[in-house]
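Quick notes on the structure that follows.
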Ligand code: WQD
């Protein structure tokens, strides 16, 4: 077991990873600026884990804050979630994305180096692959980022490669996420977007709770079985468990790896809508809308490398994702 720092650990994937790391016996510390997380998530994490949560409020752009955190603890590894992640927003605000995602990560790596901590798991994304040359995406697929968000993630991956080439004390795990969805079985943590959600499941969830009038289906003329976009949705708890396995490889073997974390199965917008109707027990209104700029017909993962290297298997179904999401948003609305 080790002492692990989670940057952005109060966020959607970070908080679920916190729970799985504690369950696996690790000591975990969270840093977060709470720009995209509610402060009471800490209380809910303490309820789930039945133990106090050690956390520090601050920003990865604050070098003095990072130095202070590393002076207070003796970390064995870091899992880095703290980043901006909305593709559309990144097109409007590229500088903010490169500052937080690239400068922030560079600050973290320098603080790690100064503290003698050389193991890091990095939260990346399947959008580094861009327009598919072939599907399913394998880890050696061409890297062709389109949005500033995806480009910022490619820069961070390249930084890790070059850092390790310059100093072999470093080992890292790059995890390229497909489409995270769902919530913790306790319904105490889940996706909690501040405003109108960009992503499909949190949008459908707000239609199901009545906060939004209907779903806009962004195009039904794609080259897919029912004409709507197809994606590889992965349950956030499966994703969190993949992080536990990845950091375990670093702690036990200092073994660097780059992996897709997906299920290998694609589902359409209508598949998700029908699944959510089963979860909430009522029909959900939708309208066909124009395609969204930048969207592609279909993408999904080849999960073989993560399976063979980590023993990673995503076990939770689309219905599990929708049911856990509905349980979470229902509790949130009634709390
Ligand atoms: C999924 C499908 C839409 C909303 C993004 C990022 C990616 C990753 C996951 C961070 C598409 C359709 C959506 C809606 C719709 N994030 N849709 N109506 O775009 O595949 O991936 O989130 O790592 O980096 O690019 O996910 O959930 O936005 O869209 O019809 O209101 O649902 O067209 O086919 P996406 P998404």
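The values are calculated or read from the model by the stated rules, or taken from the named source; none is laboratory data. No experiment lies behind these values; they were computed from the predicted model shown. We place every Cβ from the backbone using ideal geometry, glycine too, and count neighbours over all the protein chains shown.
The figures follow:
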| read-out | value |
| --- | --- |
| Candidate set: the stretch 289-301, residues that are in a strand (DSSP E or B) and either loosely packed, with under 13 Cβ neighbours inside 10 Å or within 26 Å of the chain's Cα centre (by Cα) (or both); chosen: the one nearest to the ligand (Cβ to nearest atom) | 298 |
| Positions within the stretch 108-130 being farther than 20 Å from residue 234 by Cα and either in contact with a strand residue (DSSP E or B) (Cβ under 8 Å, 6 or more places away or on another chain) or within 14 Å of the ligand (Cβ to nearest atom) (or both), in sequence order | 108, 109, 112, 117, 118, 119, 120 |
| Qualifying residue in the stretch 218-232 (condition: surrounded by fewer than 17 Cβ atoms within 10 Å (Cβ to Cβ) and closer than 27 Å to residue 333 by Cα) | no |
| Residue count, the stretch 246-266 (criterion: surrounded by fewer than 22 Cβ atoms within 10 Å (Cβ to Cβ) and within 24 Å of residue 170 (Cβ to Cβ)) | 10 |
| Out of 95, 159, sole residue that is in contact (Cβ under 8 Å) with a residue 24 or more places away in the chain and either surrounded by fewer than 16 Cβ atoms within 10 Å (Cβ to Cβ) or within 30 Å of residue 71 (Cα to Cα) (or both) | 159 |
| Residue list for the stretch 131-154, restricted to those being touching a helix residue (DSSP H, G or I) at 6+ places or on another chain (Cβ under 7 Å), buried (at least 16 other Cβ atoms within 10 Å of the Cβ) and without any contact (Cβ under 8 Å) to a residue 24 or more places away in the chain | 145 |
| Any chance residue 11 is under 29 Å from residue 335 (Cβ atoms), crowded, with 24+ Cβ neighbours inside 10 Å and in contact with a helix residue (DSSP H, G or I) (Cβ under 9 Å, 6 or more places away or on another chain) | yes |
| Of all residues making up the stretch 306-317, the number that are outside any loop (DSSP other than H, G, I, E, B) and surrounded by fewer than 18 Cβ atoms within 10 Å (Cβ to Cβ) | 3 |
| Filter result for residue 207 (within 8 Å of the ligand (Cβ to nearest atom) and either modelled with pLDDT of 95 or more or under 18 Å from residue 289 (Cα atoms) (or both)) | no |
| Single unsatisfied condition, residue 51 versus (1) at pLDDT below 95; (2) more than 18 Å from the chain's Cα centre (by Cα) | (1) |
| Wholly within the stretch 164-252, strands (runs of 3 or more DSSP E) carrying at least 3 residues that are under 15 Å from residue 272 (Cα atoms) | 179-181, 215-218, 233-235 |
| Condition met for residue 14 (touching a strand residue (DSSP E or B) at 6+ places or on another chain (Cβ under 7 Å) and modelled with pLDDT under 95) | no |
| Residue in the stretch 275-288 that is nearest to residue 182 (Cα to Cα), counting only those that are within 14 Å of the ligand (Cβ to nearest atom) and surrounded by fewer than 20 Cβ atoms within 10 Å (Cβ to Cβ) | 284 |
| Failed item, numbered, when residue 322 is tested on (1) within 16 Å of residue 215 (Cα to Cα); (2) over 19 Å from the mean Cα position of the chain (by Cα) | (2) |
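Let's see how each residue does on (1) out of contact with any strand residue (DSSP E or B) (no Cβ under 9 Å at 6 or more places or on another chain); (2) at pLDDT below 95:
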residue: 220; (1), (2): no, no
residue: 225; (1), (2): no, no
residue: 260; (1), (2): no, no
residue: 263; (1), (2): no, no
residue: 270; (1), (2): no, no
residue: 282; (1), (2): yes, no
residue: 285; (1), (2): no, no
residue: 292; (1), (2): no, yes
residue: 295; (1), (2): no, yes
